[in-house]
Every structure is written in C-alpha cells, then in structure tokens.
Amino acid sequence: MSAVLLEGKPLAENIKSAIKQEVQALGFLPVLASVIAGENAGAESYAKSQKKSAENLGVEYQFHKLDAAVTEAGLIEYIEGLNADKKVNGIIIQMPLPAHIDYKKISSYISPLKDVEGMHPENIGKILFGKAKIIPCTPAGVMELLNSTGVDLYGKEVVIVGHSEIVGKPLALLLLEKFATVTVCHIGTSKAGKLEEHVKRAEILIVAVGKPGLIKGQWVKDGAIVIDVGINRIADKIVGDVEFEEALKKASYITPVPGGVGPLTVTMLMRNLIEAAKIQS
Ligand code: NAD
C-alpha cells in the first residue's frame, strides 16, 4: 500500500478563491496589522510571506515595527491603539517577542474581535462550546485537510501527539466537537514509555512536536490518516516528526513536509481576517 499525499497547496488555493470572493463582497479593504518587536530575521521573513498572501487576496497588510527595547506596557498600549483603529480588522503579533515580554499576557490584550490567530482566551473558550468563529490557524488547517479526505470523524480513534496551546489542545476540542474519540499524547506519554502503544491504534494520527523521526513509520496503523504538523530543519532539508518513507507504505493518506499543513496555516489566517471583518461590520 502507498498512501495518497495530502497536499496543502491545492486545497489552500481553493479556499483562497472563496476568500477572494468574500473580500469583494465585504465592500471595503480589510486590513491586517502585523506587529514585530525587535530584530528577528525569521519573523520578518514569515511576515513578508504573509504580506504576499494577503495582497494576493486583496487584503492590506501593514507592518508595525517596534523597538526591541519596547516594554510590556508599551506594547500593550500600542495594541490598544490598533484595537481602537477602526480601519484595522485583524492584529497579529509576530513571534518571537523579546525575552522580557510574555506572549500569553500580550495576546489577551488584542481585541477578541480582531484576534485573527484565535488565541484570545475568549475565542479559545468559544471552541469549548462549539461556538467559535475564529479558530487558531494550524488546527483549522488540519481540520480542512481531514475534511478533504472525506473521512467521517464520528467515533474515529484520533491520536494527537503534542499538547501545545496553538496546535494540540485546540485541535482536541475541535475533534471532540465532531464526536471523534481523542487521545492527546505529550512528553509525559513518551516518558512513561507509552507513545508507541497509543500511536499504533490511531486511525487518524496528528503529530505536532518538533522532533524529527519521533514517530516510527512501523508504528503507523495500516490505512491510518497521518497529518504531520512538525517542521524541523536538518542541514538544508525540512522534515516533519514522522518517518515519512516508512509511514507512506502503511498510511492511507499522509501529509508531506513541507507542503502539507504549512500552506493552510497562512490561508486560515486570512480566512480568520475576513471572519473578523464580517463580525466587526
Ligand atoms: P511546542 O514546543 O509548544 O509543543 C511541543 C509538544 O510536543 C508538547 O506538547 C510536548 O509535550 C510534546 N513533546 C515534546 N517532546 C515529546 C516527545 N518526546 N514525545 C511526545 N511528545 C513530546 O510546539 P508547537 O508550537 O505546538 O509546534 C510543534 C511543531 O509543529 C514544531 O515543529 C512547529 O514548528 C510545528 N508547527 C507547524 C505549523 C505549520 O503551520 N505547519 C504551525 C505550528 C507549529
């Protein structure tokens, strides 16, 4: 058996066409404000790629560059200015922030109506009640990928490896909403020597850890759907967390890395922006 590749790009292109139409239907130019504090080449290059995607969709992308020495209070004041600016529909804070600034604290100062990353406690809380309109980008992208396979999630054994606030935890809630049976594994699962046994029974396996080769291809259940969120740079190559070649032989669908989840994450950011603009208008 050789798995079907679950490529993110074609799916992202379809969603982008729908977004373009929604932008036109809005009747005004949606604006995404991107805040960078200090110098960071990675954050700047990521922001540039967001800018390109935004502009392709007819969205205005504003850079707001602050000094590395900006205080937490200074950054909060800046965000409050963007919250009050009627032209700005969405706010994104680029990571990493300078070490003296606590992202969790800062993210709760973004207006929940402009929180396009879906990380404000109010938006996260709405996921719990199945009422969220703005959903964290990577989990939203994973749900789109799963949906594209046509799989019925009802009662499926889903194993998520990784329990971060931006991926694993919100994803678990989204999957529970679809009545999947969800197991969330993390470092404690590995330390207890139980990772393999959980992975082996996954009908749907989603891995977001950041450790290349953590998931052995042999552990993948025959016919499983494998979504590899991990991004790891090894020499000049980018790889995921799953042993791809081995897993390919066992899975029914598998995401490549790069080119699987990645293209959807930025697309979901734009979808959230449009959703935010609609909520505000
Ligand atoms: P994180 O560091 O916040 O969380 C890592 C998680 O992995 C934690 O739950 C931790 O307990 C778990 N973990 C660590 N070692 C483990 C082990 N040996 N066994 C089992 N679990 C273990 O990471 P994150 O921000 O959620 O990102 C995870 C990965 O996903 C990274 O590679 C990141 O680059 C990637 N990522 C990709 C996208 C995308 O768009 N494709 C988006 C976000 C994150």
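The values are calculated or read from the model by the stated rules, or taken from the named source; none is laboratory data. Since the model is a prediction, treat every value here as computed from it, not as a measurement. Note that each Cβ is placed from the backbone with ideal geometry, even for glycine, and that neighbours are counted across all protein chains shown.
Tell me, yes or no, whether the range 80-95 has at least one residue that is surrounded by 12 or more Cβ atoms within 10 Å (Cβ to Cβ), basic (Lys, Arg) and on the phi < 0 side of the Ramachandran plot.
Yes, because at least one residue in the range 80-95 is surrounded by 12 or more Cβ atoms within 10 Å (Cβ to Cβ), basic (Lys, Arg) and on the phi < 0 side of the Ramachandran plot.
Considering only residues that are within 12 Å of the ligand (Cβ to nearest atom) and of a type in the set (Asp, Glu), look in the range 209-252 and name the one that is nearest to Thr149 (Cα to Cα).
If we take residues in the range 209-252 being within 12 Å of the ligand (Cβ to nearest atom) and of a type in the set (Asp, Glu), then Asp228 is nearest to Thr149 (Cα to Cα).
Hey, among the residues in the range 96-155 that are among the small types (Gly, Ala, Ser) and closer than 21 Å to Lys9 by Cβ, which one's farthest from the ligand (Cβ to nearest atom)? Lay out the reasoning, then the answer.
The initial filter retains those residues of the range 96-155 that are among the small types (Gly, Ala, Ser), namely 99, 107-108, 111, 118, 125, 130, 132, 140-141, 148, 150, 155.
Within this subset, residues satisfying the condition of being closer than 21 Å to Lys9 by Cβ are 140-141, 148, 150.
On the way: Ala140: 11, Gly141: 7, Ser148: 16, Gly150: 22 Å.
Looking at residues that are among the small types (Gly, Ala, Ser) and closer than 21 Å to Lys9 by Cβ, I get Gly150.
Can you name every residue in the range 15-30 that is touching a residue at least 24 places away in the same chain (Cβ under 8 Å) and assigned to a helix (DSSP H, G or I)? Before you say what the answer is, go through the steps one by one.
To start, the set of residues in the range 15-30 that are touching a residue at least 24 places away in the same chain (Cβ under 8 Å) comprises 15-16, 19-20, 22-24, 26, 28-30.
Within the range 15-30, Ile15, Lys16, Ile19, Lys20, Glu22, Val23, Gln24, Leu26 qualify.
Does Ile19 satisfy being of a type in the set (Val, Ile, Thr) and closer than 16 Å to Leu269 by Cβ? Lay out the reasoning, then the answer.
Numbers: of a type in the set (Val, Ile, Thr): yes; closer than 16 Å to Leu269 by Cβ: yes.
Yes; evaluated as a whole, the condition is true for this residue.
Against the condition within 9 Å of the ligand (Cβ to nearest atom), on the phi > 0 side of the Ramachandran plot, surrounded by 19 or more Cβ atoms within 10 Å (Cβ to Cβ) and within 16 Å of the chain's Cα centre (by Cα), how does Gly162 come out, does it pass? Walk me through it before giving the result.
Details: within 9 Å of the ligand (Cβ to nearest atom): yes; on the phi > 0 side of the Ramachandran plot: yes; surrounded by 19 or more Cβ atoms within 10 Å (Cβ to Cβ): yes; within 16 Å of the chain's Cα centre (by Cα): yes.
Yes, satisfied.
Looking only at the range 195-244, count every residue that is of a type outside the set (A, V, I, L, M, F, W, C) and on the phi > 0 side of the Ramachandran plot and tell me the total. Steps first, answer last, please.
Quick first cut of the range 195-244, residues of a type outside the set (A, V, I, L, M, F, W, C) only: 196-198, 200-201, 203, 210-213, 216-218, 221-223, 228, 230, 232-233, 236-237, 240-241, 243.
When the remaining residues are screened for being on the phi > 0 side of the Ramachandran plot, the result is 210, 213, 223.
Number satisfying all stated conditions: 3.
Return the only residue of Ala12, Ala33 being in a strand (DSSP E or B), modelled with pLDDT of 95 or more and buried (at least 17 other Cβ atoms within 10 Å of the Cβ).
Details: Ala12 fails: in a strand (DSSP E or B).
Going through Ala12, Ala33 in turn, just one is in a strand (DSSP E or B), modelled with pLDDT of 95 or more and buried (at least 17 other Cβ atoms within 10 Å of the Cβ): Ala33.
Name every residue in the range 146-170 that is touching a strand residue (DSSP E or B) at 6+ places or on another chain (Cβ under 6 Å) and outside any loop (DSSP other than H, G, I, E, B), in order of residue number.
Thr149, Glu157, Val158, Val159, Ile160, Val161, Gly168
Checking the condition over 18 Å from Ile231 (Cβ atoms), in contact (Cβ under 8 Å) with a residue 24 or more places away in the chain and either crowded, with 16+ Cβ neighbours inside 10 Å or of a type in the set (Val, Ile, Thr) (or both), which residue from Ala172, Ala208, Ala202 passes? Explain how you work it out, then say what you get.
Working: Ala172 fails: in contact (Cβ under 8 Å) with a residue 24 or more places away in the chain; Ala208 fails: over 18 Å from Ile231 (Cβ atoms).
Exactly one residue qualifies, and that residue is Ala202.
State which residue pairs qualify: first residue under 19 Å from Gly141 (Cβ atoms) and polar (S, T, N, Q) and inside the range 228-252, second residue within 16 Å of the ligand (Cβ to nearest atom) and part of a strand (DSSP E or B) in any location, beta carbons under 6 Å apart, and separation of 6 or more residues or different chains.
Asn232/Val239
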